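Participant: First, the structure itself, so that you have it in front of you.
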Amino acid sequence: MNAERPEKPLDDVGEEVPADEAAQDDVTDDAAAAAEPEDELAAATAKAEENWNRYLRTAAELENVRKRAARDVESAHKFALERFGKELLAVRDTLEIGLAAAEGASVESLIEGKNATLKLLTSTFNRFGIEEVDPAGEPFDPELHAAISMQPSDDVEPGSVVTVVQKGYTLNGRLLRPAMVIVAAD
């Protein structure tokens, strides 16, 4: 079955449309079709511009965060010991007072002042997580102790610390300085 194309265009219900209206519809459809890509291009350009601005703001914000973090780290390094330093000033003050009073003092009062200063220093260390490593009589531990020599001993088992030459210290569980020790020989 061959359907013939009508000579005159039909409207939606199948009636003939006058020729000048049909020509006008064709022009409107062509103009709408031509306007659509321009509208799409304008919308895409606006979206691209918005995304570019968003990218620039995000990049600037990221750079500001990096700079702020670098300043914070620098400040933390610079002033990390501030609180510890303030606490040590009390120890220094006590030592200076002791030295000033030492000229007419008895030996007992000097020893008492020295012990008080040492107690103050020890409490300051403890407040900041600095713990003493005094391994006298304990088994030698190469992670906490540095053996400077070995000597025979009847008092402790072989491989144990006989004498502590210099105490060690840890800072919050991490070794600050190993204890210098003499170890019992096998």
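Participant: Would you kindly derive the ³J(HN,Hα) couplings of the stretch 169-179 from the backbone phi angles with the Karplus curve 6.51 cos²θ - 1.76 cosθ + 1.60 (θ = phi - 60°), listing them in order in whole Hz, with x for Gly and Pro?
Facilitator: Result, rounded to whole Hz: 9, 10, 10, 6, x, 9, 5, 8, 8, x, 6.
Participant: Here is a follow-up. Show which lysines lie in cross-link reach of Lys86 when reach means a straight Cα distance below 25 angstrom and same-chain residues fewer than eight apart are skipped.
Facilitator: Cα-Cα hits under 25 Å: Lys78, Lys114, Lys119, Lys167.
Participant: Is the C-alpha gyration tensor of the stretch 130-186 telling us rounded, prolate or oblate? Criteria: a/c under 1.5 is rounded; beyond that, a/b larger than b/c is prolate, otherwise oblate.
Facilitator: The shape class here is prolate.
Participant: What net charge do the residues around Val164 carry, taking every other residue with its C-beta under 12 Å from that of Val164, with Lys and Arg at +1 and Asp and Glu at -1?
Facilitator: It works out to a net charge of -2.
Participant: Write down the percent of antiparallel bridges among all DSSP beta bridges whose residues are both part of the stretch 83-183, to the nearest 5.
Facilitator: If I count the DSSP bridges inside the stretch 83-183, around 70 percent turn out antiparallel.
Participant: Turning to a different aspect of this structure: How charged is the neighbourhood of Asn126? Take every other residue with its Cβ under 11 Å from the Cβ of Asn126, and add Lys/Arg as +1 and Asp/Glu as -1.
Facilitator: Residues close to Asn126 contribute a combined charge of -1.
Taken together, the values in this text are just the output of simple stated rules run on the coordinates, not laboratory data. Everything numeric in this text was worked out from a predicted model, so none of it was measured. Every residue, glycine among them, receives a Cβ derived from its backbone with ideal geometry; neighbour counts consider all protein chains shown.
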